[in-house]
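Before any comments, here is the structure.
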Amino acid sequence: MIVILGTSIAIRILAVVWSVILLRRIRDWRIGFLTLMFALMALRQMLTLWNTPASHLTDFSLASSELPGLIVSIMAFLAIFSLEQILTAPKKTEKTLRESEERFRQLTENLNEIFWMTSIDGEEIIYVSPAYETIFQRKSADLYKDPKIWISYIHPEDQPEVIALFTRENLVRGLFNVEYRIKRPDNSIRWIHAKGFPIKNDLGENYRIAGIAVDITEKKLTEIAFKNSQAELEKRVEERTVDLVKINEELERDVTRRKETEALLRKAREEAEKASRAKSEFLSHMSHELRTPLNAILGYTQLLEQNKKGHLDLKEKESVEQIRIAGNHLLELISEVLDLTQIETGSLKVFNENTDVSRLLKKLLPVVAPMANKRKIIIRDLISETGPLYVFADPTRLKQALINLVANAVRYNREGGEVYLKSEITDALRVKIHVIDTGLGIEASKQKLLFEPFERLGAEHSGIEGTGIGLTITKKLLALMDGTISLKSKTGIGSQFTLELPAGDHSGQAPKEHPLGKIVSKKLRQEKQDQQTILYIEDNNSSLTLVQKYLEEFTSFNFISSQTAIGGLDLARKHHPSLILMDINLPEMDGLTAFKKLQGWNETQSIPVIAVSANAMEHDIKNALDSGFKNYITKPIDLNLLVDTIQKTLQVPTI
């Protein structure tokens with residue numbers, strides 16, 4: 001019996017101590033009541049123990065009467081434990097909720113997107129993130145007062161669609177997903193993409209509507225610019241198609257040229273069909289058409305420069321050199337339109353190397369000089385004055401970017417202005433090239449649009465020539481070379497374009513001369529030429545005459561030619577030439593088909609064939625080489641390169 005009483009008293013005293021501790025911590029009347037009750041129960045047990053005779057304390061038969069008291073003590077102890085859990089649980093829950101709300105607040109306040117929450121019917125704003133005031137430029141307080149006021153900020157043309165979608169049915173089903181425009185207090189327009197979704201409680205019931213609104217203005221402007229560029233390109237295709245139709249109609253009237261008219265009609269029809277199928281094919285054909293006359297211009301220029309009779313005086317030689325420089329520049333401009341397409345499709349490749357900027361400037365400034373002299377603009381090259389400046393970049397693409405910027409600095413400058421070329425090397429081993437002009441400058445509000453394709457900021461109405469794609473190509477080319485371009489401009493003072501590129505090795509060797517640079521006459525040895533014949537199959541009389549004159553002047557090969565593939569095949573089987581030069585775009589039978597026929601005859605299948613074509617697209621070259629052509633030379637023909645190629649193919653040494 002004494003064990004039961006002692007245990008019961010110990011449990012109740014422990015319950016009293018615990019309840020006193022809880023009372024000090026929680027200060028709840030229920031804890032006070034339990035403390036008093038446990039104290040009285042413990043006192044009662046102690047009095048019972050005091051008044052019990054000693055003989056009864058060891059009597060086990062009397063112990064059963066005290067068992068209910070022990071059970072009550074244990075239950076009381078458990079009751080105080082349960083009460084503690086009940087009283088402290090709400091505070092823990094409240095603390096957890098406060099921490100969760102704080103994390104949610106920090107998250108939403110640091111988002112660039114608008115997060116919002118409304119009642120299930122959308123009639124009450126529960127929460128809207130600070131990004132609302134940044135994007136809408138409106139006060140959040142007004143939105144809390146009038147939850148539907150944001151609809152009045154939507155562009156009138158977009159309001160009906162938004163109102164139709166912003167219903168309770170669509171919100172609870174997660175079907176509110178819409179793009180619309182808003183009008184800010186400063187009358188600026190921004191594009192918004194908004195979507196809403198339901199929030200469920202613990203029972204799985206929808207009790208809140210939440211959503212996100214994102215500013216997609218930049219994305220939409222890019223899409224609009226792209227559509228405009230597409231429309232412009234389609235317009236050009238239509239104009240080209242109209243021109244071709246007019247040519248066809250004119251040729252149909254000439255009965256005496258029926259065969260030639262039919263060939264041109266087929267070609268015109270094919271070009272029109274290709275232009276409607278793919279814009280890239282249209283650009284390829286444009287390149288071919290422009291390269292063909294350039295072939296004559298640059299080719300005969302090289303003949304004049306290598307004139308062995310020496311009839312040209314110094315001024316005439318300088319004029320011929322300027323023709324060659326301008327012709328090469330025009331060739332680069334033709335490639336510029338193709339470059340934009342290749343960049344956009346990701347097919348343009350760059351080959352970075354140690355490149356001397358000073359050397360590039362010495363080549364490109366003479367191209368821009370006539371335009372600058374005409375407007376009395378002085379170009380001050382402060383880069384070349386300090387010696388070589390090396391960057392790690394593709395020299396061809398860097399020259400393209402620089403000539404575009406320098407030409408723009410002259411084109412948009414004031415009469416009698418100046419253009420400065422400066423450079424600096426940063427601590428991060430980057431080279432900055434500054435192109436500075438003293439023109440009218442560009443307004444800050446328009447500077448972001450400057451690098452958009454076909455965007456000329458109103459200059460299209462000024463009479464100044466330009467396509468509006470030069471800066472777009474420049475920016476994309478620099479990105480491919482791990483470079484950037486930036487602009488600083490002040491209205492009435494001028495503009496500064498800055499190119500930043502990785503620094504090159506300033507202890508390295510100067511880059512090699514470009515193949516179309518300085519012309520060095522090459523003459524093949526005579527010892528292996530005596531019984532060798534070259535057959536040239538070419539329908540363009542100008543190209544045919546150019547190659548014939550050059551080979552006759554600088555080599556001793558026997559030269560035969562044909563302006564049709566069928567005639568060329570007959571000559572090949574009759575004369576068994578040592579080498580065949582083959583144009584690809586031939587009438588009636590193209591060069592690829594003619595080559596396959598040569599490969600099918602035993603007497604001609606071993607004759608090496610070199611393609612000579614104005615088709616300069618990468619897939620055209622690859623297709624010809626894969627078919628078995630020994631080499632591929634693009635028009636305009638670099639005559640030195642042509643001689644080198646013949647030499648390597650026939651293994652004829654030079655002197």
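With +1 on each Lys and Arg Cβ and -1 on each Asp and Glu Cβ, and nothing else charged, work out how big the dipole of segment 577-650 is about its Cα centre, in Debye to the nearest 20.
That gives segment 577-650 a dipole magnitude of about 160 debye.
What size of dipole, in debye to the nearest 20, comes out for segment 137-231 about its Cα centre when the only charges are +1 on Lys and Arg C-beta atoms and -1 on Asp and Glu C-beta atoms? Intermediate results must be reported in sequence, preceding the final value.
Working: 16 positive and 13 negative charges, 30 e Å.
Charge dipole, segment 137-231, about its Cα centre: 140 debye, nearest 20.
Per 0.36 nm of contour for each residue apart, how much would the distance between residue 369 and residue 221 grow if the chain were fully extended, relative to their Cα-Cα spacing?
Details: separation 148, 0.36 × 148 = 53.28 nm, distance 3.69 nm.
Once the chain is fully extended between residue 369 and residue 221, it gains 49.6 nm.
Rounded to two decimals, what is the ratio between the C-alpha radius of gyration of segment 523-655 and 2.2 N^0.38 Å?
Numbers: Rg = 13.7 Å, N = 133, 2.2 N^0.38 = 14.1 Å.
So segment 523-655 has a normalised radius of gyration of 0.97.
Quick one: go through segment 560-594 and flag any residue whose amide nitrogen is under 20 Å from the point 7 Å out along the Cα-to-Cβ line of residue 259.
561-572, 583, 585-591, 594, by backbone N distance to the label point.
So what are the ³J(HN,Hα) numbers for segment 147-161, from phi and the Karplus equation (6.51, -1.76, 1.60; θ = phi - 60°), rounded to whole Hz, Gly and Pro as x?
x, 9, 5, 4, 5, 5, 7, 6, 4, x, 5, 9, 4, x, 5
Return the distance in nm (one decimal) between the two label points of a simple spin-label model at residue 126 and residue 155, each offset 7 Å from Cα along Cα→Cβ.
Inter-label distance under the simple model: 3.2 nm.
Label residue 593 and residue 177 with points 7 Å out from Cα along Cα→Cβ: what is the distance between them in nm?
5.1
Over the heavy atoms of residue 495, what accessible area does a 1.4 Å probe trace out, to the nearest 10 Å²?
Number for this one is 10 Å².
Give the calculated FRET efficiency between residue 205 and residue 165 to the nearest 0.05, with a Förster radius of 25 Å applied to their Cβ-Cβ distance.
Once the sixth-power term is evaluated, E becomes 0.60.
What does the accessible area of residue 629 come to, in Å² to the nearest 10, when a probe of 1.4 Å is used?
In the full protein context, residue 629 sits at about 10 Å².
Go ahead and run the numbers for FRET between residue 184 and residue 148, Cβ-Cβ distance against an R0 of 22 Å, rounding to 0.05.
Plugging the Cβ-Cβ distance into 1/(1 + (r/R0)^6) gives 0.75.
First check a/c for segment 184-247, with a ≥ b ≥ c the square roots of the eigenvalues of its C-alpha gyration tensor; if it is under 1.5, answer rounded, and if not, answer prolate when a/b is larger than b/c or oblate otherwise. Numbers along the way, then the final one.
Values: a/c = 7.14, a/b = 2.86, b/c = 2.50.
In terms of gyration-tensor shape, prolate.
Please arrange 193, 619, 434 by accessible surface area, largest first, computed with a 1.4 Å probe and ligands excluded. Before the final figure, lay out each step's value.
On the way: 193 55, 619 115, 434 20 Å².
Ranked list, largest accessible area first: 619, 193, 434.
Computed over the Cα atoms of segment 131-237, what is the ratio Rg over Rh, Rh following Kirkwood? Please list the in-between numbers first.
Values: Rg = 17.1 Å, Rh = 15.8 Å.
Rounded to two decimals, Rg/Rh equals 1.08.
Which whole-number percent is the relative contact order of segment 591-655 (Cα, under 8 Å, 6+ apart)?
Working: 50 pairs, mean separation 17.6, N = 65.
Here the relative contact order equals 27 percent.
Over the heavy atoms of residue 596, what accessible area does a 1.4 Å probe trace out, to the nearest 10 Å²?
Approximately 140 Å² for this residue.
The values are calculated or read from the model by the stated rules, or taken from the named source; none is laboratory data. Predicted model, so just to flag it, every value in this text is computed and none were measured. FYI the Cβ positions are ideal-geometry reconstructions off the backbone, even for glycines, and counts take in every protein chain you see. Accessible surface is based on the protein model in full, side chains and every heavy atom, while ligands, DNA and RNA are left aside. Shrake-Rupley method; radii C 1.70, N 1.55, O 1.52, S 1.80 Å.
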